[in-house]
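Here the structure is laid out as structure tokens; the discussion comes afterwards.
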Ligand SMILES: Nc1nc2c(ncn2[C@@H]2O[C@H](COP(=O)(O)OP(=O)(O)OP(=O)(O)O)[C@@H](O)[C@H]2O)c(=O)[nH]1
Ligand SMILES: [Mg+2]
């Protein structure tokens, strides 16, 4: 599913997702060859929290949505209300800008975990209903020689878990230590190679036309999946009934329900205002 150069100049929307700390922001910086996305070794992200970074790849405009997925310890009620609010904002943002063209799932080289399977299900199956290309980027492969051999040795485990990908790249997103004697960064060459692999992967696999659903039904269907992870509550018939349903569930405190509704309402107001300006 190749991007067709020259068909349209609208940016392609790429969702980059994966657990906190796997290197999503480092890889976006590497692709764009600029330090635009802040990286950190300690911060705890929240599900669906996303920042957008724009730039050109092989002459084509892209928007990269740097989006945190579920974490090993991040499925508690403290994070869930914010996750829903974040989700609502992300869906609205995407629906107003041409939908999604590609999913990029970032993992760190290591064993296949249940959290990876959940994130794959949440973003690929629930968020995009398997209607989009998805690629996997295996990061932190600096100690694997050659880097690409990691996928050859581990692909079977992903296939056995029902996870399929349209493409993959094994990369390194960290420059490592400065080598005084050679006057270069330890992973400098690997990073250059990785930049090329990532750029090709994205351009080769992004869809020509973005995929999306109407905001409300899109939000509701993802919310259903998200709530399934946090508890077994069922989605309300209309999202405006969300507050009652959340109150009735045992997963959210009164304060969290208020926070979700406030965010949904203020998000609605912002959209109305920006729609009014257009
Ligand atoms: N060893 C190694 N470390 C890496 C690599 N890529 C990124 N890191 C480091 O991993 C840490 C987390 O990287 P980020 O890019 O901030 O990860 P993230 O997925 O954006 O994290 P959140 O924004 O918190 O979700 C940073 O200290 C990076 O320097 C890599 O290829 N190898
Ligand atoms: Mg980040």
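When residue 150 is tested against (1) modelled with pLDDT under 80; (2) in the same structural domain as residue 171 (by the TED database), exactly one condition is not met: (1).
Taking the condition part of a strand (DSSP E or B) and either more than 11 Å from ligand 2 (Cβ to nearest atom) or within 12 Å of the chain's Cα centre (by Cα) (or both), does residue 48 pass? When the stated conditions are applied, residue 48 does not pass them.
The rows are residues; the columns are (1) modelled with pLDDT under 95; (2) more than 16 Å from ligand 2 (Cβ to nearest atom); (3) touching a helix residue (DSSP H, G or I) at 6+ places or on another chain (Cβ under 8 Å); (4) in the same structural domain as residue 61 (by the TED database).
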position: 201; (1), (2), (3), (4): no, yes, no, yes
position: 219; (1), (2), (3), (4): yes, yes, yes, no
position: 234; (1), (2), (3), (4): yes, yes, yes, no
position: 244; (1), (2), (3), (4): yes, yes, no, no
position: 267; (1), (2), (3), (4): yes, yes, yes, no
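The values are calculated or read from the model by the stated rules, or taken from the named source; none is laboratory data. Note that the coordinates shown come from a computational prediction; the quantities given were computed from them, not determined experimentally. Note that we place each Cβ from the backbone using ideal geometry, even for glycine, and neighbour counts take in every protein chain shown.
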